[in-house]
1. Against the definition (at pLDDT 95 or above, in contact with a helix residue (DSSP H, G or I) (Cβ under 7 Å, 6 or more places away or on another chain) and under 18 Å from Cys252 (Cα atoms)), how does Ile69 come out, yes or no?
2. For region 211-243, give me each residue that is surrounded by fewer than 18 Cβ atoms within 10 Å (Cβ to Cβ), touching a Leu at 6+ places or on another chain (Cβ under 8 Å) and more than 30 Å from Lys296 (Cα to Cα).
3. Please specify each residue of region 175-226 satisfying the condition of being within 19 Å of Pro286 (Cβ to Cβ), under 23 Å from the mean Cα position of the chain (by Cα) and aromatic (Phe, Trp, Tyr).
4. Quick check: is even one residue across region 244-254 in contact (Cβ under 8 Å) with a residue 40 or more places away in the chain, assigned to a helix (DSSP H, G or I) and surrounded by 18 or more Cβ atoms within 10 Å (Cβ to Cβ)?
5. For residues that are of a type in the set (Ser, Thr, Tyr) and within 21 Å of Leu40 (Cα to Cα), scanning just region 115-173, find the one that is surrounded by the most Cβ atoms within 10 Å (Cβ to Cβ).
6. Please note which helices (runs of 4 or more DSSP H) are completely contained in region 117-230 and include at least 2 residues that are touching a residue at least 24 places away in the same chain (Cβ under 8 Å).
7. Please specify each residue of region 276-295 satisfying the condition of being in a loop (DSSP other than H, G, I, E, B) and over 30 Å from Ile166 (Cβ atoms).
8. For residues that are hydrophobic (A, V, I, L, M, F, W, C) and at pLDDT below 90, scanning just region 1-31, find the one that is nearest to Cys252 (Cα to Cα).
Amino acid sequence: MPETRTNQEAAVITLPHQDWSDVPLASIDAVAALEQGKVLFFPHLAFNLSEAEKKLLTPELVDPKRKNISYQPEQQKLTGVALADKYEMVQKLLARHHQACQALIISVLPEYRHALHMPTNSLRLHPISAWKASTSWRKDDTRLHVDAFPSRPNYGERILRIFTNINPHGENRLWRVGEPFPELAQRFLPRLKPYSPFISWLQDKIGITKTHRSHYDHLMLQMHDVMKADLEYQKNGPQQAVEFPPGSSWICFSDQTPHAAMAGQFMLEQTFLLPVNAMKTPQNAPLKVLETLLHKPLV
């Protein structure tokens, strides 16, 4: 491991919660830390599964054509379940995790409670090593990256994710966490391809994207790809190894915090979108950072 590492104490903020609705400590401003790109780590915040639910922890449950099982709670829409007789139990499990995440938001990030939208919950059952062996480098999440949606432009809205390690065999989820977003943007911005409004229009018309891809969405997707393609940066760029044991949870803005999942299996993940104007410090949003560097609006 190279010496140019971020300091773990600077990259990760540890919180003592043992319950999803615990009252936070007044001395910790979790919102401010999160908006600076920190990972909020809850080493004792477990999501307990029943004995019947533990039997769901097998990759055979996932549709071979999909990476994960996905649940949209507002539509009660579940996709990616390969075994029809397990459908109802999976839906109840993901609905319960979604409810727990809502309680955690109210407890730790109350400023966001009325602004978060488009929730999606995922059950990740494949070992990272197996998925890495069968996917392209662009989809290889063992490479440091910031999240961007190729087909679903989000026009600068934040991607907030809550992760929970539910591994029943004592296996940690291993991550690498990278440098602050302003430094990342300055590093890679000169290497990104120019934005073409015509290509964006064409991609929308032929169905590659669900809506028109903005200049911001173009840059974030480019950054995602250029980061993953740079093997020297992957090896020697600023980063910190972090372990998330079973029975722990963590939160980050995955569009802002460079991250890579190196090892582990069995995880629950809740995703929300957050408007930039709902942030406590909007200037920390990737949209605002990129607009400041380029001196023009991007959406």
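1. Answer is no for this residue.
2. Ala241, Glu243
3. Phe181, Phe188, Tyr216, listed by residue number.
4. So the first thing to find is which residues in region 244-254 are in contact (Cβ under 8 Å) with a residue 40 or more places away in the chain, and the list is 244-254.
Those left that are additionally assigned to a helix (DSSP H, G or I): none.
Among the residues of region 244-254, not one is in contact (Cβ under 8 Å) with a residue 40 or more places away in the chain, assigned to a helix (DSSP H, G or I) and surrounded by 18 or more Cβ atoms within 10 Å (Cβ to Cβ), which makes the answer no.
5. So, considering only residues that are of a type in the set (Ser, Thr, Tyr) and within 21 Å of Leu40 (Cα to Cα), the one surrounded by the most Cβ atoms within 10 Å (Cβ to Cβ) is Thr164.
6. On the way: elements: 128-133, 181-188, 197-205, 215-229.
It comes to 128-133, 181-188, 215-229.
7. If we filter region 276-295 for residues that are in a loop (DSSP other than H, G, I, E, B), which is where we start, we get 279-281, 285, 295.
Answer for region 276-295, where residues must be in a loop (DSSP other than H, G, I, E, B) and over 30 Å from Ile166 (Cβ atoms): Lys280, Thr281, Ala285, His295.
8. The residue in question is Ala10.
The values are calculated or read from the model by the stated rules, or taken from the named source; none is laboratory data. This one's a predicted model, so the numbers in the text were calculated from it and none came from an experiment. Virtual Cβ from ideal backbone geometry, glycine too; neighbours counted across all protein chains shown.
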